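Engineer: Here it is: the structure, laid out below.
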Amino acid sequence: MAAHRRIYLVSCVSQKTPYRAPAQDLYTSSWFQKARAYVLKSGSPWFILSAEHGLVHPDDVLDPYEKTLNNMRAAERRAWAEKVQHQMETTLPDADEIVLFAGQRYREYIEPWLRGRFVSVQVPMQGLPIGKQLQL
C-alpha cells in the first residue's frame with residue numbers, strides 16, 4: 001500500500017508586507033505565521049489560496065495586493081474557485097488527504113470539488129473563533 005500523503009492549503013490574509021516577497025513571507029498576520037509554522041513542521045507539501053492569484057506555491061514571488069474573497073459576490077467567488085480547481089489539476093501532487101486552513105469564503109466552492117477528488121478533506125479549525133485558532 002502506498003504511503004499516506006497529505007497536502008495543506010492555507011488561505012491568504014489581509015496583513016501583508018509592503019513590498020514584493022515570496023508568498024510564504026508576504027502574509028504577516030499571527031494566524032498565517034502559525035499556520036505556516038505548523039505546515040512547515042509537517043514536512044508535507046503546501047500551497048496558499050490567494051484571492052488575487054488563486055493557487056500559489058509558497059516560493060512564488062508576489063506583489064502585495066488588497067483583494068479578498070470576503071468582499072466578492074457569489075458569482076465572483078465561484079469563478080475564483082473554478083480557476084483554483086484548474087490550477088489544482090495541474091499543480092497539486094498526488095495525495096490521499098487535503099487539510100484546509102481557510103475560512104468559509106475560501107472553502108465554499110472548492111471544498112465539494114476536493115471531497116470528490118481526494119480520499120479525505122480535513123478542516124481542523126472549522127467553526128473555531130480566531131482566538132481559539134491562534135491557540136492551536
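The values are calculated or read from the model by the stated rules, or taken from the named source; none is laboratory data. Keep in mind it's a predicted model, so treat the numbers as computed, not measured. We place every Cβ from the backbone using ideal geometry, glycine too, and count neighbours over all the protein chains shown. For the accessible areas, the whole protein counts, side chains as well, though only heavy atoms, and no ligand, DNA or RNA atoms are used. Shrake-Rupley method; radii C 1.70, N 1.55, O 1.52, S 1.80 Å.
Engineer: Run down 40, 55 and say which single residue is open to solvent by less than 80 Å² (accessible area, probe 1.4 Å) and hydrophobic (A, V, I, L, M, F, W, C).
Structural biologist: 55
Engineer: Determine whether residue 11 is in contact with a Lys or Arg (Cβ under 8 Å, 6 or more places away or on another chain), in contact (Cβ under 8 Å) with a residue 12 or more places away in the chain and within 18 Å of residue 122 (Cβ to Cβ).
Structural biologist: no
Engineer: Just one of the numbered conditions (1) within 15 Å of the chain's Cα centre (by Cα); (2) surrounded by 15 or more Cβ atoms within 10 Å (Cβ to Cβ); (3) modelled with pLDDT of 95 or more is not true of residue 62; which one?
Structural biologist: If we test residue 62 against (1) within 15 Å of the chain's Cα centre (by Cα); (2) surrounded by 15 or more Cβ atoms within 10 Å (Cβ to Cβ); (3) modelled with pLDDT of 95 or more, just (1) comes out false.
Engineer: A further question on this structure: Take residue 73 and decide whether it is without any contact (Cβ under 8 Å) to a residue 40 or more places away in the chain, exposed (fewer than 14 other Cβ atoms within 10 Å of the Cβ) and more than 13 Å from residue 13 (Cα to Cα).
Structural biologist: Yes.
Engineer: In addition: For the range 16-31, give me the residue count where each residue is modelled with pLDDT of 95 or more and either among the hydrophobic types (A, V, I, L, M, F, W, C) or open to solvent by 50 Å² or more (accessible area, probe 1.4 Å) (or both).
Structural biologist: Counting residues in the range 16-31 that are modelled with pLDDT of 95 or more and either among the hydrophobic types (A, V, I, L, M, F, W, C) or open to solvent by 50 Å² or more (accessible area, probe 1.4 Å) (or both) gives 8.
Engineer: Turning to a different aspect of this structure: Within the range 77-86, which residues are open to solvent by less than 90 Å² (accessible area, probe 1.4 Å) and over 17 Å from residue 10 (Cα atoms)?
Structural biologist: Step one: list which residues in the range 77-86 are open to solvent by less than 90 Å² (accessible area, probe 1.4 Å), which gives 77, 79-81, 83-85.
Correct list: 79 only.
Engineer: Something else: If I go through the range 80-110 residue by residue, how many of them are without any contact (Cβ under 8 Å) to a residue 60 or more places away in the chain and farther than 24 Å from residue 29 by Cα?
Structural biologist: Number satisfying all stated conditions: 10.
Engineer: Shifting gears a bit: Please enumerate the residues belonging to the range 36-55 that are more than 20 Å from residue 97 (Cβ to Cβ), assigned to a strand (DSSP E or B) and not polar (S, T, N, Q).
Structural biologist: Answer for the range 36-55, where residues must be more than 20 Å from residue 97 (Cβ to Cβ), assigned to a strand (DSSP E or B) and not polar (S, T, N, Q): just 54.
Yes/no matrix, rows are residues, columns are (1) under 23 Å from residue 110 (Cα atoms); (2) touching a Cys at 6+ places or on another chain (Cβ under 6 Å); (3) in a helix (DSSP H, G or I):
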{"position": "18", "(1), (2), (3)": "no, no, no"}
{"position": "67", "(1), (2), (3)": "yes, no, no"}
{"position": "78", "(1), (2), (3)": "yes, no, yes"}
{"position": "82", "(1), (2), (3)": "yes, no, yes"}
{"position": "85", "(1), (2), (3)": "yes, no, yes"}
{"position": "94", "(1), (2), (3)": "yes, no, no"}
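Engineer: Is it true that some residue in the range 88-96 is in contact with a Phe, Trp or Tyr (Cβ under 9 Å, 6 or more places away or on another chain), under 13 Å from residue 47 (Cα atoms) and open to solvent by 20 Å² or more (accessible area, probe 1.4 Å)?
Structural biologist: Among the residues of the range 88-96, at least one is in contact with a Phe, Trp or Tyr (Cβ under 9 Å, 6 or more places away or on another chain), under 13 Å from residue 47 (Cα atoms) and open to solvent by 20 Å² or more (accessible area, probe 1.4 Å), which makes the answer yes.
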